[in-house]
Amino acid sequence: MKSFGSVVPLRGTGGFPHSSRRSRASPSDRCGMTRVIELQVNGSTYRVDVDAETSLLSVLRDHLDLTGAKYGCGEGQCGACTVLIGGLPRRSCITRVGVVGDKPITTIEGLSPGGGLHPLQRAFLDADALQCGYCTSGMILTAAALLETTPHPTEREIAHFMEGNICRCGTYLRIIAAIRQAAKMLKEARS
Amino acid sequence: MNTGARVSVFPQAEPERYELTSSPTHRFQPDRREFLKLAGGGIVVACVLKEVWAAQESGGSRRGFSEALPQEVSAWLHIGEDGVVTVYTGKVEVGQNTRTALTQAVAEELRASPDSIHMVMGDTDLTPFDMGTFGSRSTPVMSPQLRRAACAAREMLIDLAADKWKIKRAGLVAIDGKITDPLTRRTVAYAELVKGQKLAKAIPAEDPLTPASEWKVMGKPQPKVDGRDFVTGRHRYASDLKVPGMLYGKVLRPNAFGAMLVSLDAREAKAMPGVTIVQDGDFVGVAAATPEAATRALAALRAEWKSSAQPSGRELFDDLKKNTVEGEGWEGRSDHDVGSMDKGRAEAKHQLQATYTVAYIAHAPLEPRAAVAEWKDGKLAVWTGTQRPFGVRSELAQVFRLPEDQVRVQVPDTGGAYGGKHTGEAAVEAARLSRAAGRPVKLQWTREEEFTWAYFRPAGVIDVAGWLRDDGAVTAWEFHNYNSGASAIATPYDIPNQHIQFHPARSPLRQGSYRALAATANHFARESHMDDLAHLVKMDPLEFRLKNLKDARLRAVFEAAAQKFGWAARSKSSKGQGFGIAGGIEKGGYVATCAEVSADAGTGSVRIVHAVTAFDCGAVVNPEQLRNQIEGANVMGIGGALFEAIEFENGSILNGRFSRYRLPRFSDVPSIEVMLVDRKDQVSAGAGETPIVGLAPAVGNAIFDATGVRLRSLPMAPKGLKV
């Protein structure tokens, strides 16, 4: 077994007693077109040895152990796998890793690099804008992209922008409230 | 101990046939030595089920921890020498926030901060047996037991303080994790008191002592426990776990239910390095070092399947009525007869009969089934998201012919369930692959697999007939439910003559629990029909309901919802606007929902504009999380009310993916107002399920108000209104 994966140690992904921080692959992975791909994730450079056709979601979760992005549908319909690529919300389940290039990727683990909470994370907690939490990473990252371009969105603008993200627990109204709250917090931080 | 006896403690929380499965042995796994080793020093309090305690008491030998551990422990609590409080319960967290509510319960009685309490949930090696997290029973059943244990621990701490200070215990009080002597104002922290102690006590799991009117932690908002881990992506669901040396599994699925494997050509897949192929009867799966390698290997398998002709969605409702079956116990037909139908019919002036249908729908939890399985020294460990960790342990023990103590199931907080994760398919499959590969295996179902190979909310046909007088008094009521279930089948209205029957049927699709079970279907039919009856005698739908209703708590929520909604003063300001009301009783909760819709018969568009739900579930434990559950139930209810339906044909699901199966999204959600009717004089009922039942009939009644057309099938507008 050949060990490979990160050139930079991973941060902030601990959790379950048995979770390993290093990914592995066996020679079986090396059939077909294999090549080393360099990715900029959360401000660090990672090299992964995968087929360019592999989904970015799989690379993040299974190779880099960044499991904040979730598999929900595999067809870009639910938004649970959303990450920011060059600041734009993208469905990592239908994004081939080979097309990302050197564009910076932000996952939920890297949204608040200092270790504190991003205003959106704070606001989601304050508004109880989650139940099972499985959609939360995707919701927060999509909202982060919205607030970049629209710092003070109306409820309607939020609902429209977030339409591609499903919360099966049905916390939509709380998510809207949280995003508006975060917008206020960001405004205060700017002034 | 019979499971039926335990659930019947709360008559309205009776599990239905789809929930009550035959239980495994009720043995409590770790023996006393193991337990003390697990717990370490400090204080331990174990809750013993009431019936068992009574039996022991009458037998004359009071059994504490100095003897063998009681066989029927429902939960336990440990205060370690470091002051950390650890609570062990077999319940699991699936988004309903029971982890938070149970933490509050312990904090309340222990007089300690919720932050100092750690809940160990759903781990079959560490937590006592629990039938499962369903039926809204964590709050009415588990919470009081934990409170009683916390109470007993508090009393033990007071004893320890009295010993320490060499004074009488009377007068000493527990506050904020400390025992205080009000006379001398000296205090001692729990951690200090338990240092060096090895005390254990078994107590009967009976009613708690602190009345709701004196609650300090319960009854108040409490943020989600571990919430920070969820918003930072740090929480690990079963699908996020990794164990060293782990492989990734995939299962080969046939194209029809019940298909048999005729032949398998695995030569190409076998030639791939590092790939394990498993064939065991009709089960075929692969395991490989990466998900991509597993997918490639799966694609290289050539299989031929044989399946037989199966019913399709088109003839579903005829099929269900034609294929009724007789079952036993909860699975069986149920009859409910009151008075004389002949008399009731004779007294009536009007009669109305109608048939309602409900489609199969999918739970579609956002986290599809996933499991990690690892064999070590003949023992099997599985991490999976399930509502029944002990049920899944039994499944695994049975499949692999192991004693149950050789199987450990652990449930990380799970990405949604809604009644849809009672079974252990992914756990069994991962364990099969892992055993063959000789390595741990993770299996995550795809969305299509979750849609196809899990189970559905039962479809059903409901025939209803009502007879009434000119003054609006309903004199007779007949109600037949085919297949969808018996939950909330009884009418809460005071009708002197009733004939109500549930007819189990052979279901063409695999079916099981779903949030609120058949209460949604039965309320849809009943409350739609009550609305029709009201219009038949030209009465206001609310007035008509109240005329036929004595139950004070249900009347109160109807009135509360109507008041908040402005029911009495409602007036249509635009074409296509309509208002509806519906309500009922289920699982100890009383709910009423008012809805406003905007329906356009021309374009077929329908939109829920506003909803108000009033809910009484007894003494409120956590008002903010309760509101969250009520809002969520309404949102989930929108899907089943308007557009969710499983389409199937000849053993295949036709719309088993999100691009073909519409779930409620941001734009579907109306403004929602929640009215909590906090009854501190009543026991707390569970609240995750019941608030879903009012939405569909309230919306149907509002559509009728808007268009004059009565929609009698759920979903009501799968492709827009056809009015």
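Report yes if some residue within region A:102-113 is among the β-branched types (Val, Ile, Thr) and either part of a helix (DSSP H, G or I) or away from every other protein chain (no Cβ under 13 Å) (or both); otherwise report no. Let's see the steps before the verdict.
Filtering region A:102-113 down to residues among the β-branched types (Val, Ile, Thr) leaves A:105-108.
With the extra rule that they be either part of a helix (DSSP H, G or I) or away from every other protein chain (no Cβ under 13 Å) (or both), the set shrinks to A:105, A:108.
There is at least one residue in region A:102-113 that is among the β-branched types (Val, Ile, Thr) and either part of a helix (DSSP H, G or I) or away from every other protein chain (no Cβ under 13 Å) (or both).
Where in region B:265-360 are the helices (runs of 4 or more DSSP H), entirely inside, with at least 3 residues that are more than 30 Å from B:Ala534 (Cα to Cα) and out of contact with any Cys (no Cβ under 7 Å at 6 or more places or on another chain)?
Numbers: elements: B:267-270, B:291-299, B:316-322, B:341-347.
Because the criterion is at least 3 residues that are more than 30 Å from B:Ala534 (Cα to Cα) and out of contact with any Cys (no Cβ under 7 Å at 6 or more places or on another chain), the helices (runs of 4 or more DSSP H) in region B:265-360 that meet it are B:267-270, B:291-299, B:316-322.
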(request) Report, by residue number, each residue of region A:118-147 that is among the aliphatic types (A, V, I, L, M), at the interface with chain B (Cβ under 8 Å from one of its Cβ atoms) and closer than 15 Å to A:Arg90 by Cα. (result) A:Ile140
(request) Report yes if B:Ala300 is closer than 30 Å to A:Val97 by Cα and free of Cβ contacts under 8 Å to residues at least 40 places away in the same chain, otherwise no. (result) yes
(message) Filter region B:495-509 down to the residues that are surrounded by fewer than 19 Cβ atoms within 10 Å (Cβ to Cβ) and assigned to a loop (DSSP other than H, G, I, E, B) and list them by number.
(response) B:Pro496, B:Arg506
(request) Using the structure shown, decide if B:Ile581 is within 20 Å of B:Ala525 (Cβ to Cβ) and more than 14 Å from chain A (Cβ to nearest Cβ). (result) yes
(message) Pairs needed: first member in region B:502-514, within 18 Å of B:Val464 (Cβ to Cβ); second member anywhere, surrounded by 23 or more Cβ atoms within 10 Å (Cβ to Cβ) and not aromatic (Phe, Trp, Tyr); C-beta distance under 8 Å; at least 6 residues apart or different chains.
(response) B:Phe502/B:Asn481; B:Phe502/B:Gly485; B:Phe502/B:Ala486; B:Phe502/B:Ile489; B:His503/B:Asn481; B:His503/B:Asn483; B:Ala505/B:Leu320; B:Ala505/B:Asn483
(message) Quick test for you: out of B:Arg148, B:Arg236, B:Arg253, pick the one residue that is in contact (Cβ under 8 Å) with a residue 60 or more places away in the chain, part of a helix (DSSP H, G or I) and either in contact with a Phe, Trp or Tyr (Cβ under 8 Å, 6 or more places away or on another chain) or under 30 Å from B:Thr386 (Cα atoms) (or both).
(response) B:Arg148
(request) Exactly one condition in (1) over 30 Å from A:Ile166 (Cβ atoms); (2) out of contact with any helix residue (DSSP H, G or I) (no Cβ under 6 Å at 6 or more places or on another chain); (3) small (Gly, Ala, Ser) is not met by B:Gly415; state its number. (result) (1)
(request) Please specify each residue of region B:296-317 satisfying the condition of being buried (at least 17 other Cβ atoms within 10 Å of the Cβ) and within 14 Å of chain A (Cβ to nearest Cβ). (result) B:Arg296, B:Ala297, B:Leu298, B:Ala300
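One line per residue, one yes/no per condition, for (1) among the aliphatic types (A, V, I, L, M); (2) part of a helix (DSSP H, G or I); (3) in contact (Cβ under 8 Å) with a residue 60 or more places away in the chain; (4) touching a Phe, Trp or Tyr at 6+ places or on another chain (Cβ under 8 Å):
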residue: B:Glu527; (1), (2), (3), (4): no, yes, yes, no
residue: B:Met539; (1), (2), (3), (4): yes, no, yes, no
residue: B:Arg545; (1), (2), (3), (4): no, yes, no, yes
residue: B:Leu554; (1), (2), (3), (4): yes, yes, yes, yes
residue: B:Ala560; (1), (2), (3), (4): yes, yes, yes, no
residue: B:Arg570; (1), (2), (3), (4): no, no, no, yes
residue: B:Phe579; (1), (2), (3), (4): no, no, yes, yes
residue: B:Gly583; (1), (2), (3), (4): no, no, yes, yes
(message) Name the single residue that is nearest to B:Ala505 (Cα to Cα) among those in region B:430-478 being among the polar types (S, T, N, Q) and in a helix (DSSP H, G or I).
(response) B:Thr452
(request) Please work out which one of (1) under 18 Å from A:Pro119 (Cα atoms); (2) at the interface with chain B (Cβ under 8 Å from one of its Cβ atoms); (3) of a type in the set (Val, Ile, Thr) is the condition A:Ile179 fails and give its number. (result) (2)
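Here is a list: B:Val278, B:Val286. Which entry is within 11 Å of chain A (Cβ to nearest Cβ), in contact (Cβ under 8 Å) with a residue 24 or more places away in the chain and in contact with a Gly (Cβ under 8 Å, 6 or more places away or on another chain)?
Numbers: B:Val278 fails: within 11 Å of chain A (Cβ to nearest Cβ).
So the residue among B:Val278, B:Val286 that is within 11 Å of chain A (Cβ to nearest Cβ), in contact (Cβ under 8 Å) with a residue 24 or more places away in the chain and in contact with a Gly (Cβ under 8 Å, 6 or more places away or on another chain) is B:Val286.
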(message) With part of a helix (DSSP H, G or I) and in the same structural domain as B:Met156 (by TED's automatic domain parsing) as the only criterion, which of B:Thr86, B:Thr100 stands out?
(response) B:Thr100
(message) Which numbered condition in (1) surrounded by fewer than 24 Cβ atoms within 10 Å (Cβ to Cβ); (2) in contact (Cβ under 8 Å) with a residue 40 or more places away in the chain; (3) away from chain B (no Cβ under 11 Å) is the only one that A:Thr150 fails?
(response) (2)
(request) Could you grab me the full set of residues in region A:52-96 that are more than 9 Å from chain B (Cβ to nearest Cβ) and part of a loop (DSSP other than H, G, I, E, B)? (result) A:Ala52, A:Leu64, A:Gly79, A:Cys81, A:Gly86, A:Gly87, A:Thr95
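Among the residues that make up region B:213-229, is at least one of them assigned to a loop (DSSP other than H, G, I, E, B), in the same structural domain as B:Val92 (by TED's automatic domain parsing) and of a type in the set (Ser, Thr, Tyr)?
First pass over region B:213-229, keeping only residues assigned to a loop (DSSP other than H, G, I, E, B): B:215-226.
Filter once more, keeping what is in the same structural domain as B:Val92 (by TED's automatic domain parsing): B:215-226.
Next, from what is left, pick out any that are of a type in the set (Ser, Thr, Tyr): none.
No, region B:213-229 contains no residue that is assigned to a loop (DSSP other than H, G, I, E, B), in the same structural domain as B:Val92 (by TED's automatic domain parsing) and of a type in the set (Ser, Thr, Tyr).
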(message) Every residue in region B:211-243 that is buried (at least 18 other Cβ atoms within 10 Å of the Cβ), more than 7 Å from chain A (Cβ to nearest Cβ) and over 24 Å from the mean Cα position of the chain (by Cα), please.
(response) B:Ala212, B:Trp215, B:Val217
(request) Taking B:Lys564 as meeting all but one of (1) farther than 21 Å from B:Ile462 by Cβ; (2) charged (D, E, K, R); (3) in a loop (DSSP other than H, G, I, E, B), write down the number of the exception. (result) (3)
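Working only within region B:366-395, note down all residues that are without any contact (Cβ under 8 Å) to a residue 40 or more places away in the chain and either within 12 Å of another protein chain (Cβ to nearest Cβ) or out of contact with any helix residue (DSSP H, G or I) (no Cβ under 7 Å at 6 or more places or on another chain) (or both).
Let us first name the residues in region B:366-395 that are without any contact (Cβ under 8 Å) to a residue 40 or more places away in the chain, namely B:376-379, B:381, B:392, B:395.
Correct list: B:Lys376, B:Asp377, B:Ala381.
Could you check, for region B:222-244, whether at least one of its residues is aromatic (Phe, Trp, Tyr) and in contact with a Leu (Cβ under 9 Å, 6 or more places away or on another chain)? If you could, list the steps in order and put the result at the bottom.
Narrowing region B:222-244 to residues aromatic (Phe, Trp, Tyr): B:230, B:237.
Filter once more, keeping what is in contact with a Leu (Cβ under 9 Å, 6 or more places away or on another chain): B:230.
There is at least one residue in region B:222-244 that is aromatic (Phe, Trp, Tyr) and in contact with a Leu (Cβ under 9 Å, 6 or more places away or on another chain).
The values are calculated or read from the model by the stated rules, or taken from the named source; none is laboratory data. In this text, all values refer to a predicted model and were calculated from it rather than measured experimentally. Please note: Cβ atoms are built from the backbone with ideal geometry, for glycine as well, and neighbour counts cover all protein chains shown.
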